[in-house]
């Protein structure tokens, strides 16, 4: 059985226009919509205890994206803003707050890597998903600060979320129309590379669960200024794919994360 860890109701009910399920009728069986969502056993059609969307609603949304928006693979070259993509790779996950001060965590991050030579990549590729913590289905991640020189990216994530709540579902070609910033394009790109770089260094591939889902592209940064390409996107949903895990290793992984939270190690 898969586990959905992030789901944006604003994209589902707003951008995609899916009608919210209100029936309390119970349903059972297995739901499969390639290449994502495989939910087995009995499940109610009502909303879950967190007040989020139902599996049925998400299934309809995924079908609509497939039929109307022809989602690209996240590894495709030259992705434009507002492009729907599907992804499937090992991802690190964390929740963060802005660098200055210690407010509650408000941003959710997922980061992954594709080595050069794989999936048609001429050089190494990074992948960064970012959204509001309000769309997480789990709350057991230790929070940390986003890091220095990342204020623009932090503000952009929350402003895009606010725009979606108010019905603004189109991402401008120039993200500075959403959040103005002093400095050039490279400064904005540096914020994204800084966050992705920290997560890639701190979470070895062996400690990242495999996740998949759909997202909308914010930036495809691929120029000679950087050592690798980086795609930044806003997810519709993220799910952990079924996999066999050594129980002893899972326990050790959790213990290390709790230790980091107590020590308050900065993310950057």
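Each value in this text was obtained by applying a stated rule to the coordinates, not by laboratory testing. What you are looking at is a predicted structure, and each value in this text was computed from that prediction instead of being measured. Cβ placement follows ideal geometry from the backbone for every residue including glycine, while neighbour counts extend to all protein chains displayed.
Given points 7 Å out from each Cα along the Cα-Cβ axis, report the residue 80 to residue 178 separation in nanometres with one decimal.
1.7 nm
Calculate, in nm to one decimal, what residue 202 and residue 159 gain on full extension: separation in residues at 0.36 nm each, minus their alpha carbon distance. Mind dumping the intermediate values first?
Numbers: separation 43, 0.36 × 43 = 15.48 nm, distance 2.72 nm.
Additional length available on full extension: 12.8 nm.
Could you work out how much longer the chain between residue 148 and residue 20 gets when fully extended? Use 0.36 nm per residue separation minus the Cα distance between them, nm to one decimal. All intermediate terms of the calculation are to be shown ahead of the outcome.
Values: separation 128, 0.36 × 128 = 46.08 nm, distance 3.99 nm.
Gain in length upon complete extension: 42.1 nm.
Quick one: divide the alpha-carbon radius of gyration of the stretch 72-263 by 2.2 N^0.38 Å and tell me what you get. Walk me through the intermediate numbers first.
Details: Rg = 16.3 Å, N = 192, 2.2 N^0.38 = 16.2 Å.
Rg over 2.2 N^0.38 Å, computed on Cα atoms: 1.00.
Could you give the length gained on full extension between residue 140 and residue 170, defined as 0.36 nm per residue of separation minus the Cα-Cα distance, in nm? Can you show the working numbers first?
Details: separation 30, 0.36 × 30 = 10.80 nm, distance 3.17 nm.
Working it through step by step, the gained length comes to 7.6 nm.
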